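Visitor: Sending over a structure as structure tokens; questions will come in a sec.
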There are 2 protein chains.
Amino acid sequence: MRYFLFFVLCPVFVFCQGPDSLIIRKIYDEALIQGNSYENLRYLTKKIGHRLTCSPAAAAAVEFTRQVMSRNDFDTVYLQEVKVPCWTRGDLELGRILSTSGSGQIDVRLTALGNSVGTPPQGITSEVLEVHSFEELKELGAERIKGNIIFFNRPMDPTEISTFSAYGGAVNQRSKGAVEAAKYGAVAVIVRSMTLANDDHPHTGAVSYEDSVIKIPAAALSTKSADFLSNILLNEKNVRFYLNLNCEYYPDEISYNVIGELKGSESPEEIITVGGHLDSWDIGEGAHDDGAGCIQSIECVRILKEISYRPKKTLRVVMFMNEENGLRGGKVYADNAALKNEKHFAAIESDAGGFVPRGFSFSTGQDTLKKFQSWLGLLSPYGIHDFTLGGGGADISYLKNQNCLLIGLRPDSQRYFDYHHAETDVFEAINKRELELGAAAMAALIYLLDTYEIP
Amino acid sequence: MRYFLFFVLCPVFVFCQGPDSLIIRKIYDEALIQGNSYENLRYLTKKIGHRLTCSPAAAAAVEFTRQVMSRNDFDTVYLQEVKVPCWTRGDLELGRILSTSGSGQIDVRLTALGNSVGTPPQGITSEVLEVHSFEELKELGAERIKGNIIFFNRPMDPTEISTFSAYGGAVNQRSKGAVEAAKYGAVAVIVRSMTLANDDHPHTGAVSYEDSVIKIPAAALSTKSADFLSNILLNEKNVRFYLNLNCEYYPDEISYNVIGELKGSESPEEIITVGGHLDSWDIGEGAHDDGAGCIQSIECVRILKEISYRPKKTLRVVMFMNEENGLRGGKVYADNAALKNEKHFAAIESDAGGFVPRGFSFSTGQDTLKKFQSWLGLLSPYGIHDFTLGGGGADISYLKNQNCLLIGLRPDSQRYFDYHHAETDVFEAINKRELELGAAAMAALIYLLDTYEIP
């Protein structure tokens, strides 16, 4: 495309010149001209890197974001103690198809699911059986499953337009597959990675266990490896699989939520919280998940401060610890809020990637949502068109029963699961402007919430 | 982000079950499950590569897309002869700052603008003067400019939300800078690359000359090189610059537009044309500009055929040749249409990148636009929210005076100028789903236009 057509192609945005639209314009100008988010995220991802709960890098991330908030002259910056679980992936992740035919032994790309137990030192070798649902597992039955490895291979549904819906339709294999398979006597599970991409990057993510069910090792296969294995299973009988993981648990340690505040000028006791989670999986750099959300949360309050907006309510930025494999930070934050009788008017979370923002989801009813939608006229010139019903995010979910409005930033979802929990989730996968626009959208929403509560 | 929150985060799309919404759902299912666009684009970009008008690769692209349309069983596939200009970049692109201070000689990253004349074999060495507008050029005046090199360094405005608007506000430096500077006696121009990214990739693009003004060489500097040079000019006097380009023109050759048709079942004489431009600059792989648009144009008609939709009007897919440095294909197509008295009801162009689609622009009035906007209820479940006024695209622009409705696909624009006309515009910069969603959006719009014309 050349210069020729742009003056006609570009829409003419007619900004109404009311005070709201002027302030929102200022917010976007600050984000796009003086924005700090991209460089802060570069430090968090390239210098500190991935930051699994309990790791030294997680401690570095606590200190880094504390310093950033202090240097932004927030009124208060402090740490909130959180007792966190300590799990390590170990240094051994082997998966091998033991074919009965000429194919022989083929190594596949896999990685342990987060929180998985390890295998015995010699690994586990057993027949591998493919299923696509817990119903199929039931049909297979305990006799067939006992002593074997279950391979969950139901893909995410590509026809879902929201990739989060596609994820929601497949992720029970990863989160609950080990428990369900163990009930029938399986000795391990391997799960197709939760991504719509066809590539060779295994995507980790938490597996849940139940106290009453034996804990079996669980790993994610890249989608290419999953397809490869599935194809072998289609053509051969008695295919065996060798899995060796040395994941381990250590006793809980102390870590922190990082909290910064701008004190409210009129109703300081009313709080609008905005945050993301500081921990990440120990693969990639946790750029989209959720370095972006953390840095955007700091940035949106910095922007409001920088344009000399004096908030009526107290604005609180929270870097939650341990979302990925425990959600302890969110729990501690909400427990403390309840204990202190804090009044959270609203909590906003950015934990769906640093992609171009499309809207927000609100934990409210249809009638109130309609009222919020009256703000879309102010935000549509910035590409924000979607105010929908929905939750806010995992970290803030515990605030729900404190009469707090939960809000989630909703960036475009198409690319998210290409990176999610994989080694591809690195700084280079972030676009500077998309990141900045997300921070600006959050700042604009906070301004409107602080000014009008509900329109 | 973990599995925890998706069922609440995701909006519930309530699809109304009318026939329109069912057909649109079928279109998206076909695009997302059986889509051919990603693999076709892989071939066009990785196997054929960049395809400057007149190059052997452009001929390969003509043959490839002709074959793809034939294999898709379009009713007719044919070539339309186009006489095209032949310009080559040559193999020499040198830019060097000759500092008067300790900095010494510093090579910078630049590339010739498309259609630029070359320098004399020994290059041009002269003082370099920085300006930001044609007004500044005028203020500087002929006496100061004569014999020197003009450095245009006005950045694209980052506060424009549409990056196309930011481009529109800066691109006259690239397109007209050489003519304007030559009027004051400049011997060459170097221009800051048209991108919002801060990196080291020069972005080419066409420079225009006027017959009455001497043609001087023109090159684009990477934004980092531009900032570097600007900083030196701020601190030193009499900074000289050495430029050596060996671009050349050859006599016109014969090339082709590639055209494929599905014959209309009720009004075959009425035509809906959809297309992109097959040529690209000779840098990168022309993936977003405009391999994506070409492949999406073929794909959207394939989808309609595949779901057994019988169009009332004739659907015509056009791969336009020579958009980047001549627009001859668009001209020939429109001239032929006029000659044959063809009735073009609508023409749709995809030439703004293979990013997630956000809407369409229509060359119509506000009242008719409002009518089209009544279709947004059908398309918003697929992330299409923006029906705006605007042109369609350069290739179809000549159809305007044939009473043809011009329509442009409008993908999200944030990342486009990171890649535009640069070596970064490669297949890897394309996301499969985003590409597919663009093709599906075009197919859905064609279905609606074919069924209802104007709602």
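Nothing in this text is a laboratory measurement; each read-out follows from the coordinates by a stated rule. The model shown is predicted, which means the values in this text are computed figures rather than measured ones. Cβ coordinates were reconstructed from backbone atoms using ideal geometry, including for glycine residues, and neighbour counts include every protein chain displayed.
Visitor: Provide the three semi-axes, in whole Å and in decreasing order, of the ellipsoid equivalent to chain A as defined by the square roots of 5 times the Cα gyration tensor eigenvalues. Before the final figure, lay out the partial values.
Guide: On the way: eigenvalues 355, 118, 76 Å².
That gives 42, 24, 20 Å for the three semi-axes.
Visitor: Moving on. Provide the percentage of antiparallel DSSP beta bridges, counting only those with both residues in segment A:90-246; round to the nearest 5. The partial results should precede the final answer.
Guide: Working: 16 of 29 bridges.
Looking only at bridges with both residues in segment A:90-246, the antiparallel portion is about 55 percent.
Visitor: Restrict the search to segment A:205-254; then list the trypsin sites (Lys or Arg not before Pro) that DSSP places in a loop and that have at most 12 other Cβ atoms within 10 Å of their Cβ.
Guide: On the way: sites: A:LYS215, A:LYS224, A:LYS237, A:ARG240; in loops: A:LYS215, A:LYS237.
In loop regions of segment A:205-254 (DSSP not H, G, I, E or B), the sparsely surrounded trypsin sites (Lys or Arg not before Pro) are A:LYS237.
Visitor: Measuring from the lowest to the highest alpha carbon on each principal axis, how far does segment B:34-121 reach, largest first, in angstroms?
Guide: Its Cα atoms span 68, 33, 14 Å along the three principal axes.
Visitor: Give me the lysines in straight-line cross-link reach of A:LYS312: C-alpha distance below 19 Å, same-chain residues under 8 apart excluded.
Guide: The qualifying lysines are A:LYS26, A:LYS263, A:LYS343.
Visitor: Related question: Residues of A:193-201, mean number of Cβ from any other protein chain within 10 Å of their own Cβ, rounded to a whole number?
Guide: Details: counts 0, 1, 0, 3, 3, 2, 0, 0, 0.
Across the residues of A:193-201, the mean count of other-chain Cβ atoms within 10 Å is 1.
Visitor: For segment A:142-222, how big is the tail of P(r) above 22 Å, as a whole percent of Cα pairs?
Guide: On the way: 824 of 3240 pairs.
Looking at segment A:142-222, the distances longer than 22 Å represent 25 percent of pairs.
Visitor: Going 7 Å from Cα along the Cα-Cβ axis for the label, what nanometre distances separate A:ASN341 from the same residue across the other copies?
Guide: From this label point to the equivalent ones elsewhere in the assembly: 8.7 nm.
Visitor: Over the whole of A:158-169, what's the average partner chain Cβ count within 10 Å per residue? Rounded to a whole number, please.
Guide: Details: counts 9, 7, 4, 10, 7, 3, 7, 7, 3, 6, 7, 3.
The shielding value for this peptide is 6.
Visitor: Let me ask something additional. If we sort B:268-275, B:53-60, A:73-80, B:342-349 on the protection proxy, mean other Cβ atoms within 10 Å, highest first, what's the order? Let's see the in-between values first.
Guide: On the way: B:268-275: 22.4, B:53-60: 19.5, A:73-80: 15.6, B:342-349: 24.1.
The densest-packed peptide leads the list: B:342-349, B:268-275, B:53-60, A:73-80.
Visitor: Still on this structure, I have one more. Hey, which residue of A has the C-beta nearest the axis mapping A onto B, and what's the distance in Å?
Guide: Here the value is A:HIS385, 2.
Visitor: Compute the helix-to-body angle for A:223-235: its Cα long axis versus the longest principal axis of chain A, expressed 0 to 90° and rounded to tens.
Guide: Here the helix axis deviates by roughly 30 degrees.
Visitor: Sorted by mean Cβ packing within 10 Å, highest first, what order do the peptides B:352-365, A:302-315 take? Each step should come with its number before you reach the end.
Guide: Working: B:352-365: 24.9, A:302-315: 20.7.
Ranked by mean Cβ neighbours within 10 Å, highest first: B:352-365, A:302-315.
Visitor: Taking the dipole about the Cα centre of the protein assembly as shown, with the C-beta of Lys and Arg at +1 and of Asp and Glu at -1, give me whichever of A:ILE348, B:GLN105, A:VAL179 is farthest to the positive side.
Guide: Positive-end residue among those listed: A:ILE348.
Visitor: Would you check segment B:90-246 for Lys pairs whose C-alpha atoms are within less than 18 Å, ignoring same-chain pairs closer than 8 in sequence, and give me the count?
Guide: Within segment B:90-246, the lysine pair count is 9.
Visitor: In nm, to one decimal, how far is the A:GLN105 label point from the A:GLU139 one, both placed 7 Å along Cα→Cβ?
Guide: Output for this residue pair reads 3.4 nm.
Visitor: Now for a separate question. Explain nothing, just the number: relative contact order of chain B, from Cα pairs under 8 Å at least 6 residues apart, as a whole percent.
Guide: 21 percent
Visitor: Say a label goes 7 Å from Cα toward Cβ at B:GLU139 in every copy; what distances in nm does this one have to the rest, shortest first?
Guide: So the distances to the same position in the other copies read 7.8 nm.
Visitor: Related question: Mind checking the log10 I(q)/I(0) for segment B:88-180 at q = 0.12, 0.16, 0.23 Å⁻¹? Debye, one equal scatterer per Cα, no solvent, two decimals.
Guide: Evaluating at q = 0.12, 0.16, 0.23 Å⁻¹ gives log10 I(q)/I(0) of -0.49, -0.85, -1.34.
Visitor: Using the alpha-carbon centroid of each, what span in Å lies between segment A:383-421 and segment A:258-288?
Guide: 14 Å
Visitor: Which whole-number percentage describes the relative contact order of segment B:90-246, with Cα contacts under 8 Å and a sequence gap of 6 or more?
Guide: Values: 366 pairs, mean separation 60.5, N = 157.
After rounding, I find 39 percent.
Visitor: Sticking with this structure for a sec: Can you tell me what share of the DSSP beta bridges in the protein assembly as shown is antiparallel? A percent to the nearest 5 is fine.
Guide: Close to 50 percent.
Visitor: Okay, moving on. List the extent of the Cα atoms of segment B:259-342 along each of their three principal axes, largest first, rounded to whole Å.
Guide: 44, 33, 11
Visitor: Using the eigenvalues of the Cα gyration tensor, what equivalent ellipsoid semi-axes result for segment A:90-246 when each is taken as the square root of five times the eigenvalue, whole Å, largest first? List each step's numbers first, then the result.
Guide: On the way: eigenvalues 86, 68, 52 Å².
So the three semi-axes of segment A:90-246 are 21, 18, 16 Å.
Visitor: Find the all-direction average of the projected area of the Cα convex hull for segment B:200-240, expressing the result in square nanometres with one decimal place.
Guide: Numbers: hull surface 16.1 nm².
For segment B:200-240, the mean projected area of the Cα convex hull comes to 4.0 nm².
Visitor: Above 17 angstrom, tally the Cα pairs of segment B:345-419 and express them as a % of all pairs, no decimals. Walk me through the numbers before you get to the answer.
Guide: Working: 1266 of 2775 pairs.
Everything past 17 Å amounts to 46 percent.
Visitor: Which three numbers, in whole Å and largest first, are the semi-axes of the equivalent ellipsoid of segment B:159-265 derived from its Cα gyration tensor as √(5λ)? Don't jump to the answer; show the numbers that get you there.
Guide: Working: eigenvalues 211, 94, 37 Å².
In descending order, the three semi-axes are 33, 22, 14 Å.
Visitor: Can you give the mean number of other chain Cβ atoms that lie within 10 Å of the Cβ atoms in peptide B:432-440? Please report the intermediate quantities before stating the final value.
Guide: Working: counts 7, 10, 3, 1, 2, 2, 0, 0, 1.
Average per residue, whole number: 3.
Visitor: Regarding the protein assembly as shown, what's the average projected area of the Cα-atom convex hull, expressed in nm²? Numbers along the way, then the final one.
Guide: On the way: hull surface 161.0 nm².
One quarter of the hull surface, i.e. the mean projection, equals 40.2 nm².
Visitor: Turning to a different aspect of this structure: Once the label point is set 7 Å along the Cα-to-beta-carbon vector, what list of distances in nm do you get between A:GLU253 and its counterparts in the other copies?
Guide: Here the equivalent label points are 6.4 nm apart from this one.
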